[in-house]
Amino acid sequence: MSNNELVSIITPSYNTADFIGLTIDSVINQTYQNWEMIIVDDASTDNSVAVIEEYVKKDGRIIPIYLKDNKGQGNARNIATDIAKGRFITFLDSDDLLHPMKIEKHIKYMLETNVSFSYTSYGFIDESGFEILKPFHVSKRPIGYYDLLKRTEISCLTAMYDATAIGKQHMIDIRKKQDYELWLRILKTGIKAYPLDEVLAFYRQRKNSTTNNKKKLIKLHYIFLREIEKLSVFQSLYYTLSWGWNGFK
């Protein structure tokens, strides 16, 4: 590809020593090589820092930041965003994986279609790295604010935005759904999110994670819509039911 824009890959890290090496490998093995990977370790108590340091010694494109106090993923991502130098900013959690052509295909799509905010389909893996469930396929058309309220189309591990077009974006200081709030905030401005229906990333579903507790997720979603999005009781119930139904399907 002739265009060689720098891509900033932002990775918050917390106690994922068993997985983060594989995550970094999935970045190093990208066919698109003009990237920087900013890893913000959020005061891990396991061996994560030692694993990260081994990779830092091998590849200067990996930029580590080590926090003394744990303040959550949103804060870690914001710290990385502040120092990111890339035109394009994307996110990758420390236990998830990228397809080898994820960055190349995603950048090509965004440049050719001249869009500033985009996301892709993704698959699921278990703790051993085996694919499970059916991949999540994104819609066939661009989505706006109300579309995202009805269905969580945009996953943090596939989202990418053009910082020169919409500016660097910070996540709010909440422990859950800070990425979802950011996508909604971007869409509120009238910008559309454009889907690329190719499975280009893999979400690792771990035991005892919040995403495995559906009742808790539904309750958290309703509270989020009421307290963060400031929707009415009726709107919050309607969009929570729509969100839950679409997630079940």
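Extending 7 Å from the Cα toward the beta-carbon at both THR45 and MET101 defines two label points whose distance is 4.4 nm. The trypsin sites (Lys or Arg not before Pro) found in the range 79-118 that occupy coil by DSSP, while having at most 13 further C-beta atoms within 10 Å, are LYS85. Of all DSSP bridge pairs formed entirely within the chain, close to 30 percent run antiparallel. Which one, SER236, SER118, SER94, has the greatest fluctuation when you compute a Gaussian network model over the chain with C-alpha springs under 10 angstrom? Checking each option, the largest mean-square fluctuation is seen for SER236. Rg and Dmax of the range 121-232, both derived from C-alpha coordinates alone, stand at 14.8, 42 Å. Against the chain, whose longest principal axis is taken from its Cα atoms, helix 178-188 shows a tilt of about 60°. Give the residue from PRO135, SER44, ALA201 lying farthest towards the positive end of the charge dipole for the chain; charges sit on Cβ (+1 for Lys and Arg, -1 for Asp and Glu) and the dipole is referred to the Cα centre. The residue sitting farthest along the positive end of the dipole is PRO135.
Taking one quarter of the surface of the C-alpha convex hull of the range 47-186 gives a mean projected area of 9.9 nm².
Only aspartates and glutamates eight or more places from LYS58 in sequence, or on another chain, were considered; those with a Cα closer than 12 Å are ASP25.
Sequence neighbours fewer than 8 away in the same chain don't count; with that in mind, list the lysines whose C-alpha is under 23 Å from LYS105. Candidates past the 8-residue exclusion: LYS85, LYS134, LYS140, LYS168, LYS192. Computed on the chain, with alpha-carbon pairs under 8 angstrom and 6+ residues apart, the relative contact order is 22 percent. Volume per residue of the convex hull around the Cα atoms, evaluated for the chain, comes out as 123 Å³. Each of ASP18, ASP197, ASP179 has its accessible area taken with a 1.4 Å probe; listed largest first, they run ASP18, ASP197, ASP179. Looking at the range 1-132, the accessible area is 42 square angstrom per residue; that uses a 1.4 Å probe and ignores ligands, DNA and RNA.
Taking the Cα atoms only, what angle lies between the long axis of helix 214-227 and the longest principal axis of the chain, rounded to 10 degrees? Computed tilt is about 80 degrees. Taking the longest Cα principal axis of the chain as reference, the axis of helix 102-113 is set at about 60 degrees. Summarising the label geometry, the points placed 7 Å from Cα in the beta-carbon direction at THR31 and ASN114 lie 2.6 nm from one another.
For the range 114-166, the alpha carbon convex hull comes to 112 Å³ per residue, rounded to a whole number.
The values are calculated or read from the model by the stated rules, or taken from the named source; none is laboratory data. Not measured: the values here are computed from a predicted model. Glycine gets a Cβ as well: all are built from the backbone with ideal geometry, and neighbour counts include every protein chain shown. Please note that ligands, DNA and RNA were not included when accessible areas were found on the heavy atoms of the full protein model with its side chains. Shrake-Rupley method; radii C 1.70, N 1.55, O 1.52, S 1.80 Å.
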